[in-house]
Amino acid sequence: MQVSPSFGWRRRYLLAYDINMDTRTLSYAVALVGIGIALLTALMAVFRKERGLTVYAVGFASAIASFLLFMTQGYLHPWFSIILANLLLIFYQQSLAWGLRICGDVRPHWPRRYWLYLPVWATILILGTLVWNSYLLRASVSSVFIILLGVEFLIALERIPKKPAPVIRRAAWGVLVGFMACHAIRIVLTLQYSVSASVLMDNNQVNSYSFSFSLVFSILLVGVLLITDAAMLLEELQWKNRILNDMATTDELTGLSNRHLLESKIQAEMGRAARYQQSLSLILFDLDHFKRVNDTWGHQTGDEVLKRTAGIIKGMIREPDNLFRWGGEEFIILAPHTSLAGAVALAEKVRSSICADPFPVVGTVSASFGVAEWRQCDSREQWFKQVDHALYRAKNAGRNRVVSFGASDMMPIAFVRMEWQTAWESGNVLIDDQHRKLMEMSNHLLDLSLSSASQEALRVRLDALLSHVLQHFADEEQVLTEIAYPGAANHAQLHRVLVGEALELKGKTEDQGGDPTAFFNFLVGKVIMGHLLAADVQFFPWTRKKGCAE
């Protein structure tokens, strides 16, 4: 290669390292590497069904076609070997930025300025090939366009919403800046050491340098693309995992933590409280008569009540406290570093706040609270039974109040709450009303008898219950006689047996203190569940038929 003596030391440096290589071989090598890369990205695009990977694959295919066309210089018309080849090369560079914008969801995927690159470059190519035939112009402007498109790639990289890890971004910046620096050096070398009549396939140091770094950076660029894509895919998977975790641990309606998260949280807090000898309390509460809200105004209004309740409580509790939706209209506050007295005060504060301002549509809403402090001798299940029992007592005592389970309280021997079922309706208004009343009084007695109530209070409630049973039996026998129920006499005999047992238990309770277990068996097993479900249901067809006839 002939160079001007004015180049001085640079001329001697280049001549000392005469690395003229066969440019057609280098171009063929770049094309072979491109084929492998294009096949790899095409397979990934098919497997992943990602449009961005498809753009990458098309871009690498364009690069392959470009370098194969470069090899035809001197054989094919310049329209193909120069103009089309250079257009495909620039499209390849543009496809890298375009594909990254698609993979990274950078909007817009194809900015308006992208429409300028290929038409402007085509105009310059036609003038620099068919009018002036200047290799210097084509080579220099080609590198300028590649540098501009490298900047476009970096712009897309920085605008990805879910950015890859910093180390990957730094690696991408390093490869792209290095690639653009090589093209900047190529511009300088082309202007200094090439002549207008040169072509890309000439065997000289500048062209060897161009093909060599193109071969190296084609591999580095695809590495950057695939690593960046994998990093974005990993970030998306982590984001989806976070969403799934939130869905698994967060109540969708109120945004509170759900009982699934409570299970793990409570074990950790119990361990911490035991380790550092700290207080730990639990507050369980639910909204009073919430079923009436849903039945009267609909479930959508009920949902709004639940959401507003959650908002009120979240604004009141301390940083260490944890609020959970336990289910339905029930909520739980887990209060670390909080004694029973402190938890009762917090529960009372929450109760007052819920009642303070009327809710839209439904008006005033109240809630009942049960509070219990964890004792190291108690298991998690025992602790929950204690707070649940305290809530049960709060509801039986009239609702809209706070009841605690203290050190002197004992759990009931038989913790049963009876709820009226529509299947138990006999069709006779008097009998059904008395059955409901019997259940209500039994629930009150159950709660009172197994709390810290005095014996006198228990005897008063027991006398009232037995008086209701006697009146109910008498009224029921009269109804059965009036409707000519065939088993009326046998049913009356069952009543006399139950009354005898009731009076006997009453005597034992008054004289000897009584056995709570035997009393519960009688109350729940015989009078309520046993007699109602085994004996009373037998006359229901008669009373229902009589009720319809009336």
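Side notes on the structure shown:
- Over the Cα atoms of region 234-296, the radius of gyration divided by the Kirkwood radius equals 1.15; this is the Rg/Rh ratio.
- Residues whose placed amide H lies under 5 Å from that of PHE359, excluding near-sequence neighbours: THR364, VAL365
- The residues of region 287-385 have, on average, 47 Å² of accessible surface per residue, using a 1.4 Å probe with all protein chains present.
- By accessible area, using a 1.4 Å probe on protein heavy atoms only, region 62-180 has 73% of its surface on carbon and sulfur.
- The H on the amide N of GLU330, modeled in the peptide plane, is under 5 Å from the matching H of no residue at least 5 residues off or on a different chain.
- Separation of the alpha carbons by more than 20 angstrom is noted, of LYS49/LYS240; LYS385/LYS526; LYS162/LYS240; LYS395/LYS437, for LYS385/LYS526.
- Accessible solvent surface per residue of region 39-153, calculated while the other protein chains remain in place, 1.4 angstrom probe, Å²: 45 Å²
- Amide hydrogen neighbours beyond the local backbone of SER426, cut-off 5 Å, H modeled: ASP432
- Loop trypsin sites (Lys or Arg not before Pro), region 284-325, which have at most 14 other Cβ atoms in a 10 Å radius of their Cβ (DSSP): ARG318
- When every Cα-Cα distance of region 78-129 is counted in 5 angstrom steps from zero, the calculated P(r) takes the values 5, 19, 26, 20, 13, 10, 6, 2 percent.
- Relative compactness, region 132-193, computed as alpha-carbon Rg over 2.2 N^0.38 Å: 1.39
The values are calculated or read from the model by the stated rules, or taken from the named source; none is laboratory data. Computed from a predicted model, the values in this text were never measured in an experiment. Positions of Cβ are backbone-derived with ideal geometry, glycine not excepted, and every protein chain shown enters the neighbour counts. Keep in mind that these areas ignore ligands, DNA and RNA; they rest on the heavy atoms of the full protein, side chains included. Shrake-Rupley method; radii C 1.70, N 1.55, O 1.52, S 1.80 Å.
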